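Inspection log for the structure reproduced underneath, given as structure tokens.
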Amino acid sequence: NPSVQLEAVFFNPQLDFSISAISQPHDYPSSLDDTSICDGWELSANEIQEIIKGAEEIGGVLWDLSFDHLPCNHRAMLVQGQKKYELSLNGGSWMSISGPDSSIRLGVFDKKFEPYFLSEPAREEDH
């Protein structure tokens with residue numbers, strides 16, 4: 001049957017998805033104990049959706065070396081197809097998206113998103 005659609009193996013930021021249950025626990029484990037830097041950091045569902053679409057998958061080394069790990073985070077539920085994923089979006093311009101059996105880490109490098117974050121990633125040209 002040619003109309004059978006293969007189900008996406010994991011969350012795909014480029015395909016349609018919805019966002020719900022957004023919260024801001026600001027509880028990401030960080031070397032910064034002062035969560036007052038998180039005050040006023042608020043993103044709408046539309047902003048979060050645009051940020052996810054503009055993010056790129058990153059590996060652990062790049063994540064460790066190029067991104068600040070801030071206590072500030074937004075959590076949300078993403079729904080794509082029939083599947084639900086948990087989003088944790090960090091103020092340091094990165095996020096993780098987790099499903100029942102795997103997760104991915106994405107970084108936000110596009111300068112147009114800088115106003116949405118508390119710090120941006122270190123880029124090659126910054127060195």
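The values are calculated or read from the model by the stated rules, or taken from the named source; none is laboratory data. The shown structure was predicted, so the numbers you read here are calculated from the model rather than taken from an experiment. Cβ: placed from backbone, ideal geometry, glycine included. Neighbour counts: every protein chain shown. Heavy atoms of the whole protein, side chains included, go into the accessibility calculation; ligands, DNA and RNA do not. Shrake-Rupley method; radii C 1.70, N 1.55, O 1.52, S 1.80 Å.
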Of the criteria (1) open to solvent by less than 70 Å² (accessible area, probe 1.4 Å); (2) more than 15 Å from the chain's Cα centre (by Cα); (3) within 25 Å of Gln14 (Cβ to Cβ), which one Pro100 fails: (1)
In the range 103-127, the residues that are open to solvent by less than 70 Å² (accessible area, probe 1.4 Å) and among the hydroxyl-bearing types (Ser, Thr, Tyr): Ser119
Of all residues making up the range 80-120, the number that are over 16 Å from Cys38 (Cβ atoms) and aliphatic (A, V, I, L, M): 5
Residue in the range 34-42 that is at pLDDT below 95 and in a strand (DSSP E or B) present: no
Per-region count, the range 45-67, residues loosely packed, with under 11 Cβ neighbours inside 10 Å and either farther than 19 Å from Lys111 by Cα or without any contact (Cβ under 8 Å) to a residue 24 or more places away in the chain (or both): 5
Selection count, the range 68-97, where residues are of a type in the set (S, T, N, Q), more than 18 Å from Pro115 (Cα to Cα) and surrounded by 16 or more Cβ atoms within 10 Å (Cβ to Cβ): 3
Output for the range 97-112, where each listed residue is without any contact (Cβ under 8 Å) to a residue 60 or more places away in the chain and closer than 16 Å to Gly54 by Cβ: Arg105, Gly107, Val108, Phe109, Asp110, Lys111, Lys112
